[in-house]
């Protein structure tokens with residue numbers, strides 16, 4: 001709980017902090033990396049360059065502060081906390097790093113807001129930060145314990161045993177432990193972090209969904225090469241993996257993490273994806289097929305055109321064991337498309353067969369998720385039954 005004196009100060013200053021959030025986090029990251037350049041090897045510098053990480057941090061801090069001072073906050077705080085903790089655990093974030101972050105973040109608040117940050121204001125926001133940090137440290141400790149790993153030894157060497165083309169600019173890599181160690185089980189929907197050293201010497205981590213169900217022997221990740229467009233740079237790690245990594249090469253890979261996973265209940269499952277967002281759905285279909293389940297499954301996918309549609313063959317093979325699965329595909333340009341239910345244009349939620357009491361899992365670009373969620377709510381699906389995954393910083397809390 002936030003102390004009463006601090007709560008009053010935070011309530012009064014939230015508008016100013018929120019309005020200047022991106023400026024504050026921009027100053028924060030710049031100063032922190034200057035003082036601790038080694039942290040550039042931990043943070044996704046691509047998200048730093050495009051500003052997404054700054055927006056995500058600003059949003060999460062403001063949301064937590066609002067949660068602390070609001071009697072009836074509609075902010076999904078527990079969801080936000082779990083999501084951040086899983087992302088941090090997959091990077092091997094350690095408790096002592098929160099001290100570094102806290103110091104530079106509060107300094108940035110003071111620098112951006114100037115004289116408005118009195119000693120009392122700084123102390124109040126310091127209390128907010130450490131309440132948030134303490135909750136995250138505790139949650140991450142549980143994740144490390146459950147994964148039977150230590151953040152200092154999170155990454156292990158994994159050998160590429162197969163490199164397979166899936167679609168335009170999309171490859172799958174099948175990995176096995178290069179150290180002969182155990183392949184720990186993972187839940188469908190979870191991801192691992194892959195860390196590579198780029199040609200300029202910078203070590204960069206990226207999270208990739210495990211696109212097959214656990215088999216006890218290997219892991220599979222599916223990577224879309226991020227092409228530069230409209231002046232944006234190409235994806236550094238995806239380009240490196242596509243251009244430089246072949247069968248026999250060894251990669252540093254973390255243990256699996258992720259909070260958006262397939263449940264084991266009897267409820268029908270609706271999977272709605274776009275583009276490379278199909279990867280968690282592929283793992284979920286794979287698991288459902290292996291379980292010989294009687295659950296009703298609806299798979300909806302949107303893509304630009306058939307040649308860009310990844311993991312089609314894998315999903316089609318798994319679907320043979322799921323007679324209750326219905327698949328619907330929308331292509332923006334459907335020339336040459338084949339399949340039982342292929343449509344042209346954008347996904348129309350009103351046309352979807354939505355079984356009663358279905359669990360909905362979505363993954364794709366944020367505008368796609370917003371539109372689909374709105375349609376699902378209009379169709380009578382309750383908000384607590386809609387789950388989503390975002391690749392990259394979560395700039396949308398699911399309540400919009």
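Against the test of being at pLDDT 90 or above and outside the structural domain of residue 235 (by TED's automatic domain parsing), the options 49, 56, 62, 19 yield a single qualifying residue, 19. Filtered by the rule that a residue be buried (at least 18 other Cβ atoms within 10 Å of the Cβ), more than 19 Å from residue 116 (Cβ to Cβ) and more than 28 Å from the chain's Cα centre (by Cα), segment 1-44 gives a lone residue, 2. Residue 386 meets each of the listed conditions (1) touching a helix residue (DSSP H, G or I) at 6+ places or on another chain (Cβ under 9 Å); (2) over 19 Å from residue 261 (Cβ atoms) apart from (2).
Taken over segment 140-171, the criterion of being in a helix (DSSP H, G or I) and buried (at least 17 other Cβ atoms within 10 Å of the Cβ) is satisfied by 140, 143, 144, 151. Looking only at segment 232-249, how many residues end up being under 24 Å from the mean Cα position of the chain (by Cα) and closer than 11 Å to residue 173 by Cα? Final tally of qualifying residues: 3.
Checking each residue in segment 243-264 for being surrounded by fewer than 19 Cβ atoms within 10 Å (Cβ to Cβ) and touching a strand residue (DSSP E or B) at 6+ places or on another chain (Cβ under 8 Å) picks out 245, 246, 247, 248, 249, 250, 252, 263. Restricting attention to segment 109-141, the residues that are touching a residue at least 40 places away in the same chain (Cβ under 8 Å) and closer than 20 Å to residue 63 by Cα total 17.
Candidates in segment 305-321 are the residues that are part of a loop (DSSP other than H, G, I, E, B) and at pLDDT below 95; of these, the one that is surrounded by the fewest Cβ atoms within 10 Å (Cβ to Cβ) is 320. Put simply, of 326, 370 the only residue that is part of a helix (DSSP H, G or I) and over 20 Å from residue 224 (Cβ atoms) is 370.
Comparison of 270, 285 shows that the only residue that is assigned to a helix (DSSP H, G or I), within 20 Å of the chain's Cα centre (by Cα) and surrounded by 15 or more Cβ atoms within 10 Å (Cβ to Cβ) is 285.
The values are calculated or read from the model by the stated rules, or taken from the named source; none is laboratory data. Computed from a predicted model, the values in this text were never measured in an experiment. Counting neighbours? That spans all protein chains shown, and the Cβs are built from the backbone with ideal geometry, glycine included.
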